[in-house]
Structures are given as structure tokens and as C-alpha cells.
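Here is the structure we will look at.
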Amino acid sequence: MTTPVCTSAATPAAYPSFSTYVRARGPVLLRAARSLSTNPNDAEDLLQTALAKTFVAWERIEDHRALDGYVRRALLNTRTSQWRKRKVDEFACDELPEPDPVPAPDPAEVQGLRDAMWEAILRLPPRQRAMVVLRYYEDLSEAQTAAVMEVSVGTVKSAVSRALAKLREDAELALIM
């Protein structure tokens, strides 16, 4: 048979009143509440709610040495309840808020741009042309392109960089874009 460790009749209360307890332990409990909430104002509200629950149960709490644990559990339970009850800001409306569809480009313009791009690529030196085609049209990685061309990865990087610079400076391609 176990006997209670501490009862209110056996030992005097460490805190004679609720207000004494709150004044003494308020800052510590506020730090605990701030660890549960990112917003300091929400933490204060959370602590206030937990203290209100503790005040209601003040007469039933036998061991006043365990008050901090009681309040911390009330903090955690209150925060969990708030999290579960959180509202999602959704509103019913007559029309769906979808963006306006982007008009499809003219197929003739797209084909003209492709043709101009191929003509510009054909003006590149053969080695740069091959690397650009392997990298961007065949979608090979730099290492794969280097293996196919039997060169180092650094050679691929520099050759593709120079080829792209030439394409950016291509006068005929600039007229179309």
C-alpha cells in the first residue's frame, strides 16, 4: 500500500495564494510559454490561459511543490488544442482563382526561331557545335559530353561557354529574338 508523498493537510503550502505563486514563478513560466510559441504575444496569451486553468483547479492541487509541472502541462495541452483547432483561411467563391491562360505562341514564329537557332549553331566551329548539340539538344552532362568527345570536362566547359557567348553575339539571331 502506498501513501501520498505530500498532502495539503500534512505540510503547509509553499504558496499560500494563487497570486503569490504567479508573482514568484511568472517569469519562469513565461519562458516556458515562449518556447512553445514563436510570437511573444501568443506566448503571453498561452500562459494566461494556462494560469486560468490552474486557478480553476487551485483548490484540488494537493502538492503545491508540483505546481510548475501542472502549469507546464496546462501550457502544452492548451498549445496542442490551439494547434488542432487552427483555422484554415479558405473562402468559397463563385469562380476559381486561376491565372489567365497564356496564349500559345504562333507555330510559325516558333519554327522560325528554331530555324534561326540552327543556322546560328551551324556557324559555330565544328568542335563547339558538337559540344553544344550534345549538351543542350541531346541533354548530356558535361562528363558524358567529355567522354563522347574524348576530351576533359574542363575543355567541354570552356568550349560550351565560348560557343554560348558567340550565339549571344550573333547578329542574325539577335534580329529574330
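The values are calculated or read from the model by the stated rules, or taken from the named source; none is laboratory data. It should be emphasised that the depicted structure is a prediction, and the values quoted were computed from it without experimental measurement. Cβ sites come from the backbone with ideal geometry, for glycine too, and all protein chains shown count toward neighbours. All accessible areas refer to the heavy atoms of the entire protein, side chains included, with ligands and DNA or RNA removed. Shrake-Rupley method; radii C 1.70, N 1.55, O 1.52, S 1.80 Å.
In table form, for the structure just shown:
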| quantity | calculated |
| --- | --- |
| Whichever lysines have a C-alpha closer than 27 Å to that of K157, once near sequence neighbours (fewer than 8 apart) are set aside | K166 |
| Cα pair count fraction exceeding 20 Å, expressed as % - the chain | 73 |
| Kirkwood estimate for region 102-177, i.e. one over the average of 1/r between Cα atoms, Å | 13.3 |
| Stretch gain in nm, segment L30-D68, where the contour uses 0.36 nm per residue and the Cα spacing is subtracted | 12.5 nm |
| Centre separation in Å (Cα based) which lies between region 133-171 and region 48-98 | 60 |
| Between helix 67-84 and the chain: long-axis angle, C-alpha atoms, 0 to 90°, nearest 10 | 40 |
| Among 73-81, 146-154, the order from most to least packed when residues are scored by Cβ within 10 Å on average | 73-81, 146-154 |
| Sulfur and carbon atoms: percent of accessible area, region 20-177 [1.4 Å] | 54 |
| Helix axis angle, 18-36 relative to the chain longest principal axis, alpha carbon, degrees | 20 |
| For region 54-159, accessible area per residue (1.4 Å probe, heavy atoms of protein chains only), Å² | 78 |
| Simple Cβ-charge dipole of region 17-129, Lys/Arg +1 and Asp/Glu -1, about Cα centre, in debye nearest 20 | 1160 |
| With DNA, RNA and ligands ignored, accessible area of S161 (1.4 Å probe; Å², nearest 10) | 70 |
| Candidate aspartates and glutamates - alpha carbon under 17 Å from K87, same-chain residues fewer than 8 apart omitted | D42 |
| On Cα atoms only, tilt of 153-169 relative to the major axis of the chain in degrees | 70 |
| Dipole axis of the chain (+1 Lys, Arg; -1 Asp, Glu on Cβ), positive-most option in T78, F18, N39 | F18 |
| Where only C-alpha atoms are counted, convex hull volume of region 67-110 per residue in Å³ | 120 |
| Sum of side-chain charges, D42 neighbourhood, beta-carbon under 15 Å (Lys, Arg +1; Asp, Glu -1) | +4 |
